[in-house]
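Report on one structure; see the data block that follows.
Every read-out reported here was derived from the displayed coordinates using simple, explicitly stated rules and does not represent laboratory data. A quick note: this is a predicted structure, and the numbers were derived from the prediction, not measured. Cβ coordinates were reconstructed from backbone atoms using ideal geometry, including for glycine residues, and neighbour counts include every protein chain displayed.
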Amino acid sequence: MKRTAVALAHPNIALSKYWGKRAGGGNVPAVPSLSVTLAGLATTTTVTFDDALAEDALVLNGAPAGGGPLARATELLGRVREAAGLRARALVVSTNDFPTASGLASSASGFAALAVAAVRAAGLDYPAERVADLARRSSASAARSLFGGFVELDGEVARPVAPPGQIPLEVLVCVTTEAPKAVSSRDGMALTAAESPYYAGWLETAPRLHAELRAALLAGDLETTCALAERSALAMHASAFAAGVVYVSGATLDALAAVRALRREGVIAYATMDAGPHLKCLVHARDAARATERLSRTPGVLRVIRAVAGGGARVLPSSPPGASDDEAARVVDAAGPLAEEPPR
Ligand code: DP6
């Protein structure tokens, strides 16, 4: 027998960052974070539990994947199997409609879509909070992609804080390299916790910045929200830098200078960076075209991807209404589940 489900999730960018995990395991962030879920960019994932499969299998962006990515998917699928009392192995087919080296974490949208599709395919009746908890265990930032708009992750719990229209924000992703990142966020934060003389300062500062940013967002204050986001990113990178974990490049700093020049000209524009050299400019929507033009001409910026706040992860129709399990499985086998354009 086959059981299949398709889900879609968007990436998210943290405004107040988390960096570092709590001791004791379970992949729980050491500090709270708040992100914006991005519309227009998505991961679509199909999970098919199939009694005929000997092992779990993963197809990522059209190519079979093994090693670490398969092991992390299998870990999540194992949790779902245990909860649902299922033995069947699964085929996971996952596709991003944005390039992997785009400066957007595909693990956030990837594990959010995988968790939603696996839970649905297994027939578990989980509320979104519980699916978010499942996604968080695989990649903490993935918990935030379950929800749309502005989303908080505090300890083990992810929850929506404000709708997409809360502030007139655009996010301009300045892509600075096509290369994959040298140090994963997981390794980078472990090294920071172990070796940075400023990690203690980060643990003290981050919750305060988070609380101030949350309050500014709820007050609808775009400028204060973005200014605090920049401070959060700089504090995170400063603590990592002191442990030798350097994600910024010359191009990142040139883009940061361009954002500051825009600010001197009266544009509400601030910067944030994650575990890679790509800068994300947080800008008032009315100035997004001007900022895009300026950042596109900055040396080292290869291209700029524009995004606004969007919706949360969701299940997509995987088969014609009324189709039986077997018919649904034939749709998967015959066309490849992603051959059809998913409804947006
Ligand atoms: C800098 O959630 O990717 O983007 O749980 O180890 O997979 P793992 O880490 P991940 O770390 C994200 C770090 C960050 C900040 C943030 O998103 O809050």
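Dividing the alpha-carbon Rg of the chain by 2.2 N^0.38 Å yields what?
So the chain has a normalised radius of gyration of 0.99.
Which peptide among 246-257, 190-201, 9-20 comes first, and what is the full order, when sorted by highest mean count of other Cβ atoms within 10 Å?
Peptide ranking by packing, descending: 9-20, 246-257, 190-201.
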Signed unit charges on C-beta, dipole axis of the chain, positive-most listed residue 281, 256, 317: 256
The chain: antiparallel DSSP beta bridges as a percent of all, rounded to 5: 95
Sequence-separation-based contact order of the chain, relative, with Cα cut under 8 Å and 6+ spacing, percent: 24
Net charge of Cβ neighbours under 13 Å - reference residue 160; Lys, Arg +1; Asp, Glu -1: 0
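Counting other C-beta atoms within 10 Å, which of 241, 150, 98, 111 has the fewest, and how do the rest follow?
Placing the least packed residue first, the sequence is 241, 98, 150, 111.
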Inter-label distance for residue 265 and residue 285, nm, one decimal - labels placed 7 Å from Cα along Cα-to-Cβ: 2.2
Cβ-defined net charge surrounding residue 292, 15 Å radius [Lys, Arg +1; Asp, Glu -1]: +3
Unit charges on C-beta of K, R, D, E only; dipole of the chain, Debye: 560
Net charge of neighbours whose Cβ lies under 14 Å from the Cβ of residue 215, counting Lys and Arg as +1 and Asp and Glu as -1: -2
The chain: DSSP helices with Cα axial extent of at least 18 Å and average Kyte-Doolittle hydropathy no lower than -0.5: 67-84, 106-121, 199-218, 222-241, 250-264
Cβ-Cβ FRET estimate between residue 129 and residue 297, R0 fixed at 56 Å, reported to 0.05: 0.80
22 Å Cα-Cα reach of residue 21 towards lysines, excluding residues that sit fewer than 8 places from it in its own chain: 181
Helix-derived mean residue ellipticity, 222 nm - over the chain, DSSP H n ≥ 4, -39500 (n - 2.57), to 500: -12500 deg cm²/dmol
Length-normalised contact order of the stretch 169-309 in % [C-alpha pairs under 8 Å, at least 6 apart]: 42
Nearest-0.05 FRET efficiency for residue 203 and residue 54, computed from C-beta distance (R0 41 Å): 0.35
Proportion of all alpha-carbon pairs of the stretch 169-309 beyond 24 Å (%): 33
Centroid-to-centroid separation of the stretch 1-49 and the stretch 50-97 [C-alpha atoms, Å]: 17
